[in-house]
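The values are calculated or read from the model by the stated rules, or taken from the named source; none is laboratory data. Just so it is clear, the model here is predicted, and its values are computed rather than measured. With ideal geometry, Cβ positions are generated from the backbone for all residues, glycine too; neighbour counts draw on all protein chains shown.
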Amino acid sequence: MNFYSGAPVHRVSHLRADADWLARRLSDPASRLYPVWRDRNMVAAGRPEDATVRAGYVTVARAAVLIEHGHVVALLGESDGIAHFAVDLSHLDDPLTVPELAEGSEFANLREISPALGHGEAALLAYAKGLMHWHSRHLYCGICGHATESRDGGHVRVCTNADCGASHFPRTDPAVIMLVSRGDACLMGHNKRFPQRLYSALAGFVEPGESLEEAVAREVMEETGVAVANVRYHSSQPWPFPASIMLGFHADAVSEQITVDNDELKDARWFSRDDVRNFEVLGLMLPRPDSIARQLVEHWLKQG
Ligand SMILES: [Zn+2]
């Protein structure tokens with residue numbers, strides 16, 4: 001299971017539209033609120049000896065006031081009979097001035113702190129962040145321009161214009177990420193936005209009217225001029241930076257010559273398995289261990 005997936009809650013989607021049930025859970029002292037502020041998640045210090053952090057939450061018993069403060073309150077799900085909600089505090093200049101927030105908490109960039117988080121907690125924060133980001137970008141109806149409002153426990157926004165009334169659902173943008181190989185070599189690129197020396201699997205967004213396999217082949221051709229065949233699905237990873245799901249593939253190259261598209265990539269190269277195993281010696285960096293790109297590379301290494 002890839003990092004950022006496997007949030008430890010039942011999503012109870014059949015209960016989201018039950019206003020009475022939601023009201024009871026929002027007044028249940030044991031229910032948990034996970035604050036999000038301007039794309040940052042609340043976290044709390046974990047065990048100091050190993051510098052871990054925990055997903056930050058406050059109970060309704062302690063901070064029911066956050067439900068009134070919250071721009072959006074959205075149900076994440078239930079776990080052991082306890083309801084978990086995300087609360088958007090982005091309209092506050094400084095959410096830490098709310099006295100009911102747990103002392104010792106801070107608002108952090110999930111991408112920066114995720115190595116210090118447990119798998120399940122990172123997934124829960126990714127879910128909260130992704131859902132709050134969607135709300136923040138869909139305050140107005142894309143059809144008629146009127147304001148929208150959150151319904152069904154924060155899993156739909158409905159246009160307030162009675163003549164329109166369109167429902168808008170949370171969205172996630174599909175992106176393909178692929179490790180292309182040929183014999184004992186794989187193709188990796190160095191993107192302009194990457195840290196220096198980092199090489200990773202190629203990636204790009206799926207376009208309308210395009211299958212995933214077509215997106216894989218098009219992106220590899222556009223970025224490197226290499227033709228591919230035999231596109232095979234590996235796994236997927238929620239990637240809430242800000243709103244994607246990464247769909248991981250392996251593919252076989254049917255040509256070798258690389259022509260780098262300089263708009264996107266600075267460099268692309270073929271690396272043998274020996275090269276990849278000795279990346280550090282070569283002064284190069286692999287993608288971070290919590291990324292699907294790294295999982296694709298590790299999977300390919302094991303096959304050789
Ligand atoms: Zn509308």
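Couple of notes before you dig in:
- Inter-residue pairs, beta-carbon under 9 Å, first free of Cβ contacts under 8 Å to residues at least 24 places away in the same chain and in the range 216-229, second crowded, with 22+ Cβ neighbours inside 10 Å, 6+ apart: Met221/Val228
- Those residues of the range 277-295 which are over 19 Å from Gln237 (Cβ atoms) and among the acidic types (Asp, Glu), in sequence order: Glu280
- Filter result (modelled with pLDDT of 95 or more and among the acidic types (Asp, Glu)) within the range 245-279: Asp252, Glu256, Asp267, Asp274, Asp275
- Ile143 outside the structural domain of Phe107 (by TED's automatic domain parsing) and in contact with a helix residue (DSSP H, G or I) (Cβ under 7 Å, 6 or more places away or on another chain): no
- Lone unmet requirement of (1) of a type outside the set (Lys, Arg); (2) out of contact with any strand residue (DSSP E or B) (no Cβ under 6 Å at 6 or more places or on another chain); (3) crowded, with 17+ Cβ neighbours inside 10 Å for Gly70: (2)
- Condition check for Ala123: under 30 Å from Leu282 (Cα atoms), modelled with pLDDT of 95 or more and out of contact with any Leu (no Cβ under 7 Å at 6 or more places or on another chain): no
- Qualifying residue in the range 98-115 (condition: within 17 Å of His135 (Cβ to Cβ) and over 19 Å from the mean Cα position of the chain (by Cα)): no
Okay, residues lined up against (1) basic (Lys, Arg); (2) under 21 Å from Pro170 (Cβ atoms); (3) surrounded by fewer than 15 Cβ atoms within 10 Å (Cβ to Cβ):
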residue	(1), (2), (3)
Leu75	no, yes, no
Ala86	no, yes, no
His91	no, yes, yes
Glu100	no, no, yes
Ile113	no, no, no
His119	no, no, no
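- Qualifying position, being under 27 Å from the mean Cα position of the chain (by Cα) and closer than 16 Å to Leu179 by Cα, among Val228, Val297, Val254: Val297
- Flag if Leu187 is closer than 24 Å to Ala123 by Cα and in contact (Cβ under 8 Å) with a residue 24 or more places away in the chain: no
- Each residue in the range 1-33 was checked for being among the basic types (Lys, Arg) and assigned to a helix (DSSP H, G or I), and 2 pass.
- The listed residues are Glu103, Glu112, and the only one of them that is under 21 Å from Ser236 (Cα atoms) and free of Cβ contacts under 8 Å to residues at least 12 places away in the same chain turns out to be Glu112.
- Any hit, the range 169-176, residues being within 22 Å of Asp274 (Cα to Cα), in a strand (DSSP E or B) and away from the ligand (no atom under 16 Å from the Cβ): no
- Any hit, the range 25-47, residues being at pLDDT below 95 and not aliphatic (A, V, I, L, M): yes
- Among the residues of the range 117-159, those that are hydrophobic (A, V, I, L, M, F, W, C) and farther than 30 Å from Arg47 by Cβ comprise Trp134, Leu139, Cys141, Ile143, Cys144, Ala147, Val156, Val158, Cys159.
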